[in-house]
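Student: Here you go, one structure.
Readers should treat all values here as calculations from the given coordinates under stated rules, not as data from a laboratory. Small disclaimer: the values here were computed from a predicted structure and weren't measured. Cβ coordinates were reconstructed from backbone atoms using ideal geometry, including for glycine residues, and neighbour counts include every protein chain displayed.
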Amino acid sequence: MNIFFSNSKDNRISIWSIGSNLSTGMEDGFEGDPQLLCEHKHDGDVLDLQFLDQDRIVTASSTGAVTIFRHHQNSQTISVSQLWARAHRYPCDNAPCTGVVCSSPEIVTVGEDGRIVVFRADQEGVVRVIENADSSTIHAVTYLRTTEILTVNSIGQLKLWDFRQQSNSPSQILSLSGDRVPLHCVDRHPNQQHIVATGGQDGMLCVWDVRQGNTPFSLMEAHTAEMWEVHFHPTNPDHLFTCSEDGSLLHWETSSHSDMPSFLQGGRNSSMVSRSAMAPAGGKQPLISAWLSGDSSKGRLETTHMLPSQTLSVNSLDVLGPCLVCGTDGEAIFVNRQVPV
């Protein structure tokens with residue numbers, strides 16, 4: 001049995017099971033209804049949540065609080081393990097905590113107040129605070145390496161922070177050229193940590209090489225509205241997933257057509273063309289770079305719409321092994337167990 005966490009509009013966090021006994025209830029590999037195991041009241045809206053370990057999750061709240069919840073599997077209950085109230089705040093009010101990333105026992109959060117806060121699950125106090133990390137809202141955070149994190153903000157910047165340095169300034173700043181389009185999400189390639197993907201208000205998928213230059217390597221027209229999440233597959237990073245306010249959930253892959261699972265042969269769309277596409281010598285058809293290198297051996301970059309009938313915003317997604325879970329504005333949860341691994 002696999003489990004996942006979710007949050008709802010009535011400020012509750014819930015734990016669901018997606019056991020192997022579920023029957024297929026939808027087309028395109030999406031399963032029937034997950035089974036609710038337990039739930040717990042949450043103070044404020046959940047703006048982000050991440051697993052800390054097998055039994056604990058960390059939530060980021062609109063109240064500025066950061067909370068560790070523990071799942072007791074024997075009794076199927078949830079309890080509060082640790083709470084940092086007002087971790088993010090303005091001088092006279094709370095500031096929403098907008099993002100969290102975990103590398104147990106370390107927890108890093110970011111907020112609308114432009115602060116970066118570091119906690120440890122085994123300590124009650126705060127480990128470190130970067131007070132003026134940003135003059136604008138920090139929307140998301142992820143680890144680049146063990147001691148380095150990446151943040152994205154509302155003026156189109158991607159910032160690298162090295163916690164080995166005592167300085168409260170980023171070690172590197174990358175930004176979108178032209179208009180300062182807010183970036184909402186970020187993820188890094190699990191094997192090649194210099195490769196980073198971001199998405200933002202204009203629906204563009206940006207791929208960056210943090211080793212070279214301060215602008216994206218490529219920009220791809222992905223969605224027609226805000227992109228809310230971007231995730232590389234954790235064990236097969238030739239596959240990437242994005243979701244958007246426009247109601248779409250896209251699967252991106254750099255493998256050739258013949259290598260793809262049969263369930264993805266329908267609904268494919270090769271119109272998503274990278275602006276960094278390179279035409280090989282000999283006048284052959286241009287080939288899309290495999291994320292960064294321009295390596296044509298992996299074939300064209302293809303996209304698949306995984307929710308063809310969805311119209312409400314797809315707000316979140318997560319993927320592990322063959323299982324993809326996403327949630328929508330209609331409080332619907334979709335589970336796909338045919339993701340390539």
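Student: For the residue pair D162 and S79, what label-to-label distance in nm results when each label sits 7 Å from Cα along the Cα-to-beta-carbon direction?
Tutor: Going from the D162 label point to the S79 one covers 4.3 nm.
Student: Moving on. Starting from segment 27-121, pick out the trypsin sites (Lys or Arg not before Pro) whose DSSP state is loop and whose Cβ has at most 16 other Cβ atoms within 10 Å.
Tutor: Values: sites: K41, R56, R70, R86, R89, R115, R120; in loops: R86, R115.
Sparse-neighbourhood loop trypsin sites (Lys or Arg not before Pro): R86.
Student: What net charge do the residues around A225 carry, taking every other residue with its C-beta under 11 Å from that of A225, with Lys and Arg at +1 and Asp and Glu at -1? Present the calculation step by step, with values, prior to reporting the outcome.
Tutor: Details: positive: none; negative: D202, E226, E245, D246.
Overall, the nearby charge balance is -4.
Student: Right, next: Lys and Arg at +1, Asp and Glu at -1: add these up for the other residues within a Cβ distance under 13 Å of R164 and post the number.
Tutor: Net charge in that neighbourhood comes out at 0.
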